[in-house]
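Enquirer: Here it is: the structure, laid out below.
Where a number appears in this text, it was derived from the coordinates with a stated rule and is not lab data. Note that this is a predicted model, so its numbers are computed, not measured. Neighbour counts run over all protein chains shown; Cβ positions are idealised from the backbone, glycine included.
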Amino acid sequence: MIEVIFIGLSLGSILLLVALGLAITYGAMGVINMAHGEMVMAGAYVTVATGIYLDLNIFFAIPLAFIATAVLGLLIERLVVRRLYHRLLDTLLATWGIAILMQQAVRLEFGLTFFGIHVEGLGAGLQRVDVPEVLGGTYDLLGAEINTYRSFIILVTLVLAALTWWLMYRTPIGTQVRAIIRNPQMAAACGIDVKRVNALTFAYGSGLAGVAGVMMSGFKTVFPDMGSSMVVDGFLVVVVGGVGSLFGAFAAAGMLGELNGIVASIYNDILARAVVFGVVIGIIVWRPQGLFSFKGR
Amino acid sequence: MAQAALTIDALGVSFGGFKAVDEVTMIVEEGELRVLLGANGAGKTTLMDLISGKTKSTAGRVHLYDHDITNLEEHRIARQGVGRKFQIPSVFRDLSVQENFEVASCQNRSVFANIGFGFGAARRSRIEEVLELTGLADDRHVNASSLSHGQTQWLELGMLVIQDPKVLLLDEPTAGMTQAETHKTAEIINSLAGRHSLLVVEHDMAFVRQIASHITVMHLGRLLAEGTIEEIESNPEVRSAYLGSQGIA
Amino acid sequence: MNRSKLALDLATYLVFFAVILALPLFYDEFWLNRFAKYLVYGMLAVGISLSWGYAGVLNLGQGLFFGIGAYMMAMSLKLASATSLQQGADTPVPDFMLWNAEPGAKTDLCCINQGSFLWIPFQDQWFGIAMSIAMPVLVAGILGAIVFRQRISGVFVAIITLALVLLVRLLVIDAQPVTNGFNGLTDLGWFTILGFEFDPYVVETYYLVAGALILTLTGTRLLVETRAGLILQAIRDDQNRVRYLGHAVARYQVFFFCVSAAIAGFAGMLYTIAAEFTSPTFMDLAFSITMVVWAAVGGRASLIGACIGAILINTIEAEMSETEELVEAWKAIIGFIFVMVVLFLPRGLAGFAHDMTDLALRSLGLAERETGTAARDVPLPAREEA
């Protein structure tokens, strides 16, 4: 029983990690970032590179991936996303295009394959990251065998969620972001530099995704396509949670994660995912604005 | 006595306690041209929303002739014979003027009836008539988004004429128009009265004088007074309501 | 509509038809089979264009209807395969069902495993053909009735279609005893009409697909030229205005959504005939979105533009398939063009071509500067509904 709950929490935490960044950009800028999954992928590849070239483990990869993907996010925001604020459908499509570009960039090793150069750690093949010993194996909790690495992921997720909460609710810039989420025009009229704050928000969200990628690399194989399935799960969580609601994303991730875990334990993984999609469809049909949205019409 | 085209009976809507329209009772007779006056926020547009189905009422009933159209879906009310012109002109901006009229001329009962080509001689000539009436004949192939504000208003009005409803609800048909344009609009509207029944919301008193016979004044969601222009102008309550509210319009 | 433009439109269609009908003169059966698949992709793009460009409904899960159509046909063809018929000419049983049989069950479709009885009517090939179109239309009808009546806004409809295709894909994979799960349906018999067998590598099969595409394109184009098509475009422009004119907007949306689904189902059927297999990969999200990319690049609001776009993109990719890097690079290029289209060129390359011919016709004095554009093949894009 405990194991089932734990698996659910673990799945939920992974979802949340991916969804946090998405939720912020969805609420603040009206952007559905389909390239978010590729940010996760980028974070994973940074981990691979950190291991190969710097010979450092996952702990060091976390800040590196955060910075790398944040910068990437800044670039994308500036070039593409900035032109499409609040055009949800167009952002979905444009960022999907960017996702394709990012995947191909990794496959083609940024064009180097044309010159016959192969960069270790890149390319179309699979990469693996080794988990540091301290995080390996299992431990015992109330009689159940709990996977250490998954616990680590839950821990990191909680820390990041807490950090995000703190930034949003206890710092001036967080207040600005919340103001923009509620009413961008009024925020601008109050002297908030909306463009700059949005760019930073997008960067932060991408950074979070990068860290998610570091976490993923520890237990999934790393390959160019790994981001695609995650982004869909992520933004479904965000849409269900509600526009502009961090708590909504949190709650939805937890809910859907648990649902997945429970159904999977009764039937199988595949059916579990199907049920989750079914529930998501039901919720969107019943309440398109999401469960916890407080954004005005 | 003429038949009652539009009967509004104690109609009201309350948004969480706030009564935007409160116990309004009114009868528009067949062929009548009734003007609805009132300051901004008096509830005039909301009243039209209630009649046309855009907003659901929380009290009262609306009858079109003998049919109860209270809280039906918008398209059903429209099919019964209610046409509406909006404060912000609502036309098809990606289509041409002629195409706008063509859409308005399509029969609205079923999808399958419209799986066909062309519009037939009768509809064609009607569209031509309305193109002349609205002065848009030379611009028939122009995209509706390229029209001037006045032309857009006439386009919408023209669509209503083609739709040929029994009752027309016109919400500020001269908003943003020049004097000359207003005059033309008055002509179009006057040509409609008699065969149709009209309820017109307006602010421009000069225009109202050109078209109205019977006026209803609303204030704070309620009916304040009814009568001819002279009666309304000399009504002390109307005077105090307008003087009191200073008219933000 | 301006005569010159009408003539140019007609000419484009005729030239396109002539080209695809003439291909067998230049290519061998192996290539023709590949082209047949690309023509099917063209058909899919037409469906997307109808739904998105004309009705304003972005379907991110068109693969659902494609997949359903494919599976329906595949079921019939599977039962007609030699391996299945080995179990008895009147009691064919697909091979994978034998491997997934309930222990001790009778070797017959009725009872070999749970759900196998669903296959029984597919012994009749006409049933498979009918279901290829009927089933997607049914699903689209139900989905549309729910979604359009609730007046759910565009982006959420798109998200729902996305989630739905993912959902059904998982269900198909999970129902291993009935669908052969991940592996899909392979070892299919040949499509047979009036005794003629359509070997996928025979020119007649190519003509079957080409003919179907011509029919679909012509039919769809005629459909959007009807009054209903004009009303549909008005709905895309301003839903509410159309309501106040007395039309039941949801009915139009459901109707055209169903037509788009029927086109996709038809495409699925033809693909199965040409490719000799069907698989859950038809319902991969990436594939569904790729269809949208083809239509967007070709020109979402132009049926023939979307069609040609899909065919060209895939043909060029095939030309490049010698070198793996080139294929990947081509995909990157298309991704880039797609982003450009979304940002700057909503009417796609067809829109660009249209503007160029407009310019040319005007300078030749054959057309005036007029801007009415509906009921022609490239109406302007829909306003953002989100």
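Enquirer: To make sure I understand, if each residue's beta carbon is the centre and we count other beta carbons within 10 Å, what order do C:S363, A:S228 fall in, fewest to most?
Expert: C:S363, A:S228
Enquirer: For each pair in B:K19/B:K166; C:K37/C:K331; B:K56/B:K184, compute the distance between the two Cα atoms and list the pairs where it is over 26 Å.
Expert: B:K19/B:K166; B:K56/B:K184
Enquirer: Okay, next question. So how many Å³ per residue does the convex hull of the Cα atoms of the stretch A:64-181 work out to?
Expert: 191 Å³
Enquirer: If you don't mind, another one. Quick one: putting +1 on the C-beta of Lys and Arg, -1 on the C-beta of Asp and Glu, what dipole do you get for the stretch C:1-150 around its Cα centre, in Debye to the nearest 20? Intermediate results must be reported in sequence, preceding the final value.
Expert: On the way: 7 positive and 8 negative charges, 131 e Å.
In debye, rounded to 20, the stretch C:1-150 gives about 620.
Enquirer: While we're here: Quick one: Karplus J couplings for the stretch B:37-51, per residue in order, coefficients 6.51, -1.76, 1.60, θ = phi - 60°, nearest Hz, x for Gly and Pro?
Expert: The phi angles translate into 10, x, 5, 4, x, 6, x, 5, 5, 4, 4, 5, 4, 5, 5 Hz.
Enquirer: For chain A, which semi-axes, largest first and in whole Å, follow from the square roots of 5 times the eigenvalues of its Cα gyration tensor?
Expert: 28, 26, 18
Enquirer: Under unit Cβ charges (Lys, Arg +1; Asp, Glu -1), what dipole magnitude, rounded to 20 debye, does the protein assembly as shown have relative to its Cα centre?
Expert: About 1660 debye.
Enquirer: Could you calculate, for the protein assembly as shown, the ratio of the Cα radius of gyration to the Kirkwood radius, expressed as Rg to Rh?
Expert: Rg divided by Rh gives 1.01.
Enquirer: Quick check on packing: order A:79-91, C:233-245 by the mean number of other C-beta atoms within 10 Å, highest mean leading. Please report the intermediate quantities before stating the final value.
Expert: Details: A:79-91: 19.1, C:233-245: 23.8.
Ranked by mean Cβ neighbours within 10 Å, highest first: C:233-245, A:79-91.
Enquirer: Whose amide H sits under 5 Å from the amide H of A:A124, counting only residues 5 or more places off or on another chain, with H placed in the peptide plane?
Expert: Under 5 Å from the amide H of A:A124 lies no amide H from a residue far enough along the sequence or on another chain.
Enquirer: Build a GNM of chain A with springs between Cα atoms under 10 Å: which of A:A161, A:A264, A:A99 gets the top mean-square fluctuation?
Expert: In this elastic network of chain A, the residue with the biggest mean-square fluctuation among A:A161, A:A264, A:A99 is A:A264.
Enquirer: Gap in Å between the Cα centre of the stretch C:105-135 and the Cα centre of the stretch C:325-351?
Expert: About 42 Å separates the Cα centre of the stretch C:325-351 from the one of the stretch C:105-135.
Enquirer: Another one. Name the residue, out of B:S52, B:S191, B:S105, whose mean-square fluctuation peaks in a Gaussian network model built on chain B with Cα pairs under 10 Å.
Expert: B:S191
Enquirer: Give a residue-ordered list of calculated ³J(HN,Hα) values for the stretch C:161-177 (Karplus: 6.51 cos²θ - 1.76 cosθ + 1.60, θ = phi - 60°; whole Hz; x for Gly, Pro).
Expert: 5, 4, 5, 5, 5, 5, 4, 5, 4, 5, 5, 5, 5, 5, 7, 3, x
Enquirer: Would you kindly give the portion of the calculated P(r) for chain C that falls above 33 Å, as a percent of all Cα pairs?
Expert: The calculated P(r) of chain C puts 33 percent of pairs beyond 33 Å.
Enquirer: Continuing with the same structure: Amide H of B:K85: which non-local residues (sequence gap of 5 or more, or other chain) have their own amide H closer than 5 Å, using H built in the peptide plane?
Expert: Those lying under 5 Å, H to H, from B:K85 are B:L169, B:L170, B:D171.
Enquirer: Additional query: Calculate one ³J(HN,Hα) per residue across the stretch C:310-323 by plugging θ = phi - 60° into the Karplus curve 6.51 cos²θ - 1.76 cosθ + 1.60, and present them in order as whole Hz with x for glycine and proline.
Expert: Whole-Hz 3J(HN,Hα) from phi for the stretch C:310-323: 4, 5, 5, 4, 6, 5, 4, 4, 5, 4, 8, 5, 4, 9.
Enquirer: Here is a follow-up. What is the magnitude of the charge dipole of the stretch A:143-297 about its Cα centre, with +1 placed on the Cβ of each Lys and Arg, -1 on the Cβ of each Asp and Glu, and no other charges, expressed in debye to the nearest 20?
Expert: Charge dipole, the stretch A:143-297, about its Cα centre: 620 debye, nearest 20.
Enquirer: Farthest toward the dipole's positive end in the stretch B:71-195, which of B:P165, B:N100, B:L133, given Cβ charges of +1 (Lys, Arg) and -1 (Asp, Glu) about the Cα centre?
Expert: It is B:P165.
Enquirer: Continuing with this model, one more query. Of B:G116, B:V24, B:T70, whose Cα points farthest to the positive end of the dipole of chain B (charges on the beta-carbon: +1 Lys, Arg; -1 Asp, Glu; origin at the Cα centre)?
Expert: Comparing the listed Cα positions along the dipole, B:G116 ranks first.
Enquirer: Continuing with the same structure: Using modelled backbone amide H atoms (1.01 Å from N, in-plane), which distant-in-sequence or interchain residues come within less than 5 Å of B:G116's amide H?
Expert: C:R227, C:A228
Enquirer: Could you state the number of Å between the C-alpha centres of the stretch C:1-64 and the stretch A:120-173?
Expert: With the stretch A:120-173 and the stretch C:1-64 each reduced to a Cα centre, they are spaced 49 Å.
Enquirer: Now for a separate question. Of all DSSP beta bridges located in the protein assembly as shown, what percent are antiparallel, nearest 5?
Expert: Antiparallel bridges make up about 60 percent of those DSSP assigns within the protein assembly as shown.
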